[in-house]
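What follows draws every value from the coordinates through simple rules; no lab data is involved. It should be emphasised that the depicted structure is a prediction, and the values quoted were computed from it without experimental measurement. Please note: Cβ atoms are built from the backbone with ideal geometry, for glycine as well, and neighbour counts cover all protein chains shown.
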Amino acid sequence: MLAVRAARTGGPEVLEVVDLPVPEPGPGQLRIRQHAIGINFIDTYFRSGLYPMRMPAVLGQEGAGVVDAIGEGVAGWATGDRVYAGQAGAYAELTLASAARAIRLPDRISFEVAAAGMLKGMTAEFLLRRCYPLRAGETILIHAAGGGVGSILVQWAKAIGAVVIGTVGSEAKADLVRGYGCDHVILYRDEDVAARVREITDGQGVPVAYDSVGKDTFEGTLASLARRGVFISYGNASGPAPAVEPIRLMRAGSLFFTRPTMADYTATREDLDLSANAFFEVVASGAVRVEIGQTFPLSQARRAQEALESRATIGSTILLPG
């Protein structure tokens, strides 16, 4: 089978297209023939070595397709069932997944939407509903509002009833996020983000800010928060955010800082199903649409990662196996 792996840690140039044996499912596993594969910033964190991983390794964290083979001891699944799996090793035509963590796809959710939106949508779910339970009427800040997670955050937050301030890097993305319902758009390359946030909020700042960019936006995010505000750092697109001295949080208004991960918010089967079903519902209702801005053949995963890291992409990016 065709797969893409990182030969070693480094830039996109370490990605190589390889022909690997078809894997056999072990006890408790499903083999999935993939129809669409998601590409996410976390893939680049593993490739670069920011997140440790034994190399060489097939990258990727999510894909959607049909059950191709079933391992010993697995009940409730049949070959041909539609399935989503959020596990390592997704950049391949076939992949293995734990049946205990696999998610059955409703017919109304396409393979492409699942691959493009599940990891991002479930991230948005826990950020908006459980990490900080967002309330109608609150004004919030979302960085990278035109990106994969950002675009879903904007739409879901608007469905809750929030006032959304979004940051983007270009006029084209500004127009895009306004279409998602973003109330105020800040061009972060041209404007002082914190000053604009204070202007929009009559000097108060926002009760919560969602920051997936990291190093480049850290200071602006910190300065945008209201007293007792919550800084949610959930990504490192520009590099890791700097260390935070607790006294800085005190001096800035008794702020809270958190660095959540989806693994901790979907650790139990109950939480996993809660998050997936909430995403299915907002997509089915039309409140959230998953924007697939780019598609690449699986063999061109390097090009896809280069586009993602250059921040030239819009919405989500997916790889197609064949």
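List every residue whose amide H lies under 5 Å from the amide H of Gly49, counting only residues 5 or more places away in sequence or on a different chain, with H placed 1.01 Å from N in the peptide plane.
Gly10
Going toward the positive end of the dipole of the chain, with +1 on Lys and Arg Cβ and -1 on Asp and Glu Cβ, which of Val283, Gly203, Ala241 do you reach last?
About the Cα centre, the residue reaching furthest to the positive side is Gly203.
Report the net charge of residues surrounding Ala237, where surrounding means a beta-carbon distance below 10 angstrom and charges are Lys +1, Arg +1, Asp -1, Glu -1.
Charge balance in the 10 Å sphere: -1.
So which trypsin sites (Lys or Arg not before Pro) in region 98-144 pass both tests, a DSSP loop state and at most 15 other Cβ atoms within 10 Å of the Cβ?
Arg101, Arg108, Arg135
Assigning unit charges at the beta carbon (Lys, Arg +1; Asp, Glu -1) and nothing else, what dipole magnitude in debye, to the nearest 20, does region 203-322 show about its Cα centre?
Dipole magnitude for region 203-322 comes out near 340 debye.
Only four residue types carry charge here, +1 at the Cβ of Lys and Arg and -1 at the Cβ of Asp and Glu. Report the dipole size of region 143-242 about the Cα centre in Debye, rounded to the nearest 20. The partial results should precede the final answer.
Values: 9 positive and 11 negative charges, 61 e Å.
Using only the charged Cβ atoms, the result is roughly 300 debye.
Can you list residues from other chains, or at least 5 along the same chain, whose modelled amide H is less than 5 Å from the amide H of Ala57?
Ala6
Which angle from 0 to 90°, rounded to the nearest 10, does the C-alpha axis of helix 269-285 make with the longest principal axis of the chain?
70
Among Val197, Val66, rank each residue by its count of other Cβ atoms within 10 Å, from fewest to most, as a rough exposure measure.
Val66, Val197
Percent relative contact order of region 216-274, based on C-alpha pairs within less than 8 angstrom and at least six residues apart?
38
Cβ under 13 Å from Pro56's Cβ, Pro56 left aside: what net charge do those residues give with Lys, Arg +1 and Asp, Glu -1?
Working: positive: Arg5, Arg8, Arg47, Arg54; negative: Glu16.
Within the 13 Å Cβ shell, the charges total +3.
Karplus couplings for region 55-65 from phi (6.51 cos²θ - 1.76 cosθ + 1.60, θ = phi - 60°), rounded to Hz, Gly and Pro as x?
10, x, 8, 6, 7, x, 10, 7, x, 9, x
Of all GluC sites (Glu not before Pro) in region 164-211, which ones are in loop regions per DSSP and have a Cβ with at most 10 other Cβ atoms within 10 Å?
The qualifying sites: there are none.
Once the Cβ-Cβ distance between Glu171 and Ala136 is put in as r, and R0 is 30 Å, what FRET efficiency do you end up with, to the nearest 0.05?
Working from the Cβ atoms, E equals 0.50.
Per residue, how big is the convex hull around the C-alpha atoms of region 229-322? Give it to me in cubic angstrom, could you?
Convex hull volume per residue, Cα atoms: 172 Å³.
Between region 277-304 and region 210-232, what is the separation of their alpha carbon centroids in Å?
Computed from Cα coordinates, the inter-centre distance equals 26 Å.
For helix 148-160, what angle does its Cα long axis make with the longest principal axis of the chain, in degrees from 0 to 90 and rounded to 10?
For helix 148-160, the angle is close to 60 degrees.
Could you tell me how many degrees, from 0 to 90 and to the nearest 10, lie between the Cα long axis of helix 171-180 and the main elongation axis, the longest principal axis, of the Cα atoms of the chain?
Helix 171-180 and the main axis of the chain meet at about 80 degrees.
For region 96-113, what does the Karplus curve 6.51 cos²θ - 1.76 cosθ + 1.60, with θ = phi - 60°, yield as ³J(HN,Hα) per residue in whole Hz, taken in order and with x for Gly and Pro?
9, 9, 5, 4, 6, 10, 6, 10, 6, 8, x, 4, 6, 10, 6, 4, 5, 5
Using a cut-off of 9 Å between beta-carbons, work out the net charge of the residues near Gly253 (Lys and Arg +1, Asp and Glu -1, Gly253 not included).
Net of charged neighbours comes to +3.
Could you run the Karplus curve 6.51 cos²θ - 1.76 cosθ + 1.60 with θ = phi - 60° over region 3-12 and give me ³J(HN,Hα) per residue in whole Hz, x for Gly and Pro?
Listing the rounded values in order: 8, 10, 10, 8, 6, 6, 6, x, x, x Hz.
For Cα pairs less than 8 Å apart in space and 6+ apart in sequence, what is the mean separation divided by the residue count of the chain, i.e. the relative contact order in percent?
Answer for the chain is 18 percent.
Based only on other Cβ atoms within 10 Å, what is the fewest-to-most ordering of Leu153, Leu320, Leu20?
Leu20, Leu320, Leu153
Nearest-5 percent of antiparallel DSSP beta bridges in the chain?
55
Give me the compactness ratio for region 28-184, meaning the Cα radius of gyration over 2.2 N^0.38 Å.
Working: Rg = 17.7 Å, N = 157, 2.2 N^0.38 = 15.0 Å.
Taking N as the residue count of region 28-184, the ratio is 1.18.
Across every pair of different alpha-carbon atoms, what Kirkwood hydrodynamic radius in Å does region 158-261 reach?
Values: mean 1/r = 0.0707 Å⁻¹.
Computed over region 158-261, the radius equals 14.1 Å.
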